[in-house]
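The values are calculated or read from the model by the stated rules, or taken from the named source; none is laboratory data. Here the structure is a predicted model, which means the values were calculated and not measured. Ideal geometry is used to build each Cβ from the backbone, glycine not excepted, and the neighbour counts take in all protein chains shown. Only protein heavy atoms, including side chains, enter the accessible area calculation; ligands, DNA and RNA are left aside. Shrake-Rupley method; radii C 1.70, N 1.55, O 1.52, S 1.80 Å.
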Amino acid sequence: MNFVIRKKPLKLLWLEALLKRLRERDPEASYFIEQFRRLDAGFAGEQRVDKEWYEIICPNTFFVLHNIVLANAAKHSHQLDTLFICNHFMLVVEIKNISGKLDFDGITYQCTRTKPDGTVEGFPNAITQIQRHIRFIKIISKNYSLPIEGAVIFSNPSAIIENHPNTVPIFHVSGLQSHIQSLYKKHPKPILTDEQLTRFVQLIRAQHQPQELLTRIDSSRFRHGVLCPKCKYKNQMFYYRGIWKCSVCQHTSKEIFAEALQDYQLLVNRNITNSQLRKFFGIESSDAANRLLRKFNFPGIGTTKNRVYHLPENLTEYMKQFF
Ligand SMILES: [Zn+2]
C-alpha cells in the first residue's frame with residue numbers, strides 16, 4: 001500500500017496566520033473566523049476518514065491520494081478529497097464533515113441539512129460534484145480502462161443521512177472498509193499490472209496542480225513582527241544577539257522566528273530581502289539581519305546586499321534543522 005500524506009490546505013494555513021495577527025475591529029474579522037471554522041472542520045473530517053484508510057486490510061497494491069487538484073481542458077479545477085486506486089478499480093471520494101439531518105433531492109438536486117433547532121440550510125451537492133469528477137477522470141484515464149467508482153462519505157458521527165438517490169453511494173466513515181471489500185467483489189479481475197498501476201498513479205500525480213493562494217489583504221490590516229505566543233500574539237518580540245524577547249512579558253525564544261517567518265510567507269511574500277526582513281520584523285542592524293537570513297541556508301539569487309531569499313515550502317519544518 002502507498003499513501004500520500006494529506007497536507008493542511010494552504011488557505012487554512014493562511015487563515016491561521018491571519019487570525020493570529022488581524023488588528024482589532026477589522027471589518028471582515030467575523031467573515032475570516034467563519035471561513036476558518038468551516039475549513040478547519042473540513043480538514044478535521046478528512047483526517048478522521050484518513051485514519052480508516054490505514055486500517056484497510058488488503059492483499060493488493062493500492063494507492064490513496066489526498067487533496068489532488070487537477071485541471072480540465074477548460075482550465076476548471078477538480079479538487080478530489082481522496083482518490084483510491086488499485087489494480088481492479090478506482091474510487092473517487094468526497095468527504096463531508098457536517099452534522100444534522102441531511103436530505104438529497106434526486107429531482108431538484110437540492111441538498112439540505114436540518115439543524116437540531118429546526119433551521120434548514122442548503123449545502124453543495126456532493127453527488128453532482130462526484131459525478132463531475134468521474135466524467136473528468138474517465139477522460140484522463142482512457143488508456144488504462146479502470147472502472148471508476150464514487151462515494152460520498154460523512155465524517156461527522158452526528159450526521160443523519162435521510163433521503164438520497166441511489167446514483168452514488170452515501171455512507172458514514174465507519175462503512176468505508178466494507179464498501180471497499182464490496183467493490184473488490186464487484187470488480188474481481190485485476191485490470192492493471194502493478195507496474196501499469198504505478199505508472200498511472202505517477203501520471204495523476206504529475207498533473208496535480210500545487211495550491212496557489214489567491215487572496216492577499218493589505219498588510220496594514222495585520223500586526224507585523226515576531227509576536228509573543230505567551231501574550232496571545234498581541235505583543236511584539238525584539239531581536240537581540242540571536243534571541244527574540246517579548247517587550248511585555250520578557251519571554252525569550254529562538255525558534256519562534258520560524259513561525260513568524262512562515263506567517264510572513266503566507267501573508268506577505270514567498271521571497272524576502274534583507275531590508276524587507278528588517279522592516280517587517282523590526283531589526284535595526286543590516287548585519288544582524290544578514291546573519292539571520294544566512295543561518296537558514298535559504299536558496300536565493302543576487303549578491304549579499306540585494307539578495308532575494310526564497311522561503312521553502314513547509315517552512316517551520318525546514319527551519320528546525322538550523323536551530
Ligand atoms: Zn509576551
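Values for this structure:
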quantity: Distance from region 163-207 to region 239-259 (C-alpha centre basis), Å; calculated: 50 Å
quantity: Trypsin sites (Lys or Arg not before Pro) within region 127-230: DSSP coil, no more than 12 neighbouring Cβ in 10 Å; calculated: 142, 216
quantity: Residue (of 35, 161, 122) at the positive-pole extreme of the chain, dipole from beta-carbon charges; calculated: 35
quantity: Per residue solvent-accessible surface (Å²) - the chain, probe of 1.4 Å; calculated: 55 Å²
quantity: In region 77-170, GluC sites (Glu not before Pro) in a DSSP loop with at most 14 other beta-carbon atoms within 10 Å; calculated: 162
quantity: Projected label distance in nm at residue 291 and residue 241, using a 7 Å step from Cα toward the beta-carbon; calculated: 1.1 nm
quantity: Average Cα contact separation per residue, region 44-124, under 8 Å, 6 or more apart, as relative contact order %; calculated: 19 percent
quantity: Mean separation of Cα contacts under 8 Å, 6 or more apart, over the residue count of region 2-207: relative contact order %; calculated: 20 percent
quantity: Nearest 10 degrees, 0 to 90: helix 10-21 Cα axis against the chain principal axis; calculated: 40 degrees
quantity: Check: region 2-207 dipole with +1 on Lys, Arg Cβ and -1 on Asp, Glu Cβ, in debye; calculated: 500 debye
quantity: Calculated [θ] (222 nm, deg cm²/dmol) that DSSP helices of n ≥ 4 give over the chain, each run adding -39,500 (n - 2.57); calculated: -11000 deg cm²/dmol
quantity: Per-residue ³J(HN,Hα) for region 277-294, Karplus 6.51 cos²θ - 1.76 cosθ + 1.60, θ = phi - 60°, Hz, x for Gly and Pro; calculated: 4, 5, 5, 6, 9, x, 9, 7, 7, 5, 5, 4, 4, 5, 4, 4, 5, 6
quantity: Cleavage-rule hits (chymotrypsin sites (Phe, Trp or Tyr not before Pro)) in region 79-140: DSSP loop, at most 14 neighbouring Cβ within 10 angstrom; calculated: 109
quantity: Farthest toward positive dipole pole in region 223-320 [+1 Lys/Arg, -1 Asp/Glu at C-beta], among 249, 271, 316; calculated: 249
quantity: The chain - percent of accessible surface contributed by carbon and sulfur, probe 1.4 Å; calculated: 51 percent
quantity: Estimated FRET transfer efficiency (residue 249, residue 206; beta-carbon r; R0 41 Å; 0.05); calculated: 0.25
